[in-house]
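The values are calculated or read from the model by the stated rules, or taken from the named source; none is laboratory data. Remember, it's a predicted structure, so these values are computed and weren't measured experimentally. Ideal geometry is used to build each Cβ from the backbone, glycine not excepted, and the neighbour counts take in all protein chains shown. Accessible surface areas use protein heavy atoms only, side chains included; no ligands, DNA or RNA. Shrake-Rupley method; radii C 1.70, N 1.55, O 1.52, S 1.80 Å.
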Amino acid sequence: MPIHEKSLIRPEDLHTHDELEIDGIDVSGHWSTFIESRAITDYNEAMEDEIAALPGGANIHRCWQCGSCTNSCTVNAVNPDFNPRYWIYLIRLGMESELLRDKDIIWQCVSCNKCTYACPRDVEPEGVMKATAHWLEMKGHRPKSPSILFDEVFSEQVFETGKIEEGRIIRSFFERTGQPLMQNWLVELVKRIVRGLPIQQMMKMGLATIFRPRTKNWSRARDAIAEYVEEQEANHRKALSLDEPGKGEERKAV
Ligand code: SF4
Ligand code: SF4
């Protein structure tokens with residue numbers, strides 16, 4: 001699985017000499033560009049299995065590196081460093097330190113699923129991106145991403161009432177991520193929604209915000225969900241060996 005993409009050579013690995021002469025030939029500047037060679041000794045052989053054990057990651061072993069996911073990726077179109085194919089390559093080889101260089105952008109997948117439709121091997125790269133972001137957070141390599149915080153706010157509300165109230169979700173999400181509630185795009189969005197909504201519907205929404213209706217007999221369903229979530233979390237922690245003595249310290253900043 002060779003890497004041919006020129007963009008994958010990190011700027012810090014390129015070296016030039018302002019003044020250099022070799023065998024009497026002036027190769028100063030651009031002519032003396034060298035790519036630093038690297039010997040990798042820190043393979044993490046468990047990384048692929050760990051990511052495969054998290055939701056969305058199960059089919060990572062099917063990838064044959066065709067690159068269709070990256071070619072079709074919405075985020076790659078605006079940021080060429082966002083490269084699902086490359087990250088899958090690193091994960092499968094266990095090149096953890098190389099993957100960690102991109103830890104701050106992997107979570108930015110917008111779940112458009114274009115990659116999933118383009119993938120000829122049913123790898124479901126969108127799921128792999130989510131599993132990888134999840135893995136980075138569980139291992140303590142980065143704090144919770146806004147995407148995870150949104151999921152948390154959303155699930156907490158469903159868990160509490162069995163219903164979804166968008167206004168409350170947005171408010172809680174902004175609070176948790178330290179964003180101001182009054183944002184131009186949001187004000188504009190609300191204005192347009194209000195303009196197009198029938199009065200009756202608006203009143204219904206207003207009342208729902210105040211009284212927070214709950215789904216009937218929700219407590220039984222909630223207990224079942226809680227049990228399932230707890231079970232899944234325990235499985236994920238086990239897959240990443242997070243509860244083994246000495247492994248917990250790997251979690252740094254979550
Ligand atoms: S789901 Fe994520 S990785 Fe896939 S194309 Fe969309 S942004 Fe890219
Ligand atoms: S499209 Fe599928 S098979 Fe091709 S590189 Fe991406 S994940 Fe791998």
### Task
Please work out if F82 is surrounded by 14 or more Cβ atoms within 10 Å (Cβ to Cβ) and not charged (D, E, K, R).
yes
### Task
Look through A39, A77 and report the one residue that is within 16 Å of ligand 1 (Cβ to nearest atom) and not charged (D, E, K, R).
A77
#### Entry: Pairs where the first residue, in region 68-97, is farther than 23 Å from Y43 by Cβ and the second is open to solvent by 40 Å² or more (accessible area, probe 1.4 Å) and assigned to a loop (DSSP other than H, G, I, E, B), C-beta under 8 Å, 6+ apart
S68/P120; T74/V110; T74/C112; V75/V110
### Message
Name the residue that is surrounded by the fewest Cβ atoms within 10 Å (Cβ to Cβ), counting only residues in region 24-42 that are out of contact with any Ser or Thr (no Cβ under 7 Å at 6 or more places or on another chain) and over 22 Å from E98 (Cα atoms).
### Response
G24
### Message
For the structure I just gave you, tell me whether E45 is open to solvent by 70 Å² or more (accessible area, probe 1.4 Å), in contact (Cβ under 8 Å) with a residue 24 or more places away in the chain, over 19 Å from S111 (Cβ atoms) and under 24 Å from the mean Cα position of the chain (by Cα).
### Response
yes
### Task
Mind listing just one residue for me: the one in region 117-153 that is out of contact with any helix residue (DSSP H, G or I) (no Cβ under 6 Å at 6 or more places or on another chain) and over 17 Å from D104 (Cβ atoms) and, of those, surrounded by the most Cβ atoms within 10 Å (Cβ to Cβ)?
G127
### Query
Residue check, C119 against (1) under 16 Å from the mean Cα position of the chain (by Cα); (2) within 16 Å of ligand 2 (Cβ to nearest atom), all met but one. Which one?
(1)
### Task
Would you be able to say whether some residue in region 98-112 is more than 15 Å from the chain's Cα centre (by Cα), among the charged types (D, E, K, R) and either more than 10 Å from ligand 1 (Cβ to nearest atom) or open to solvent by 60 Å² or more (accessible area, probe 1.4 Å) (or both)?
yes
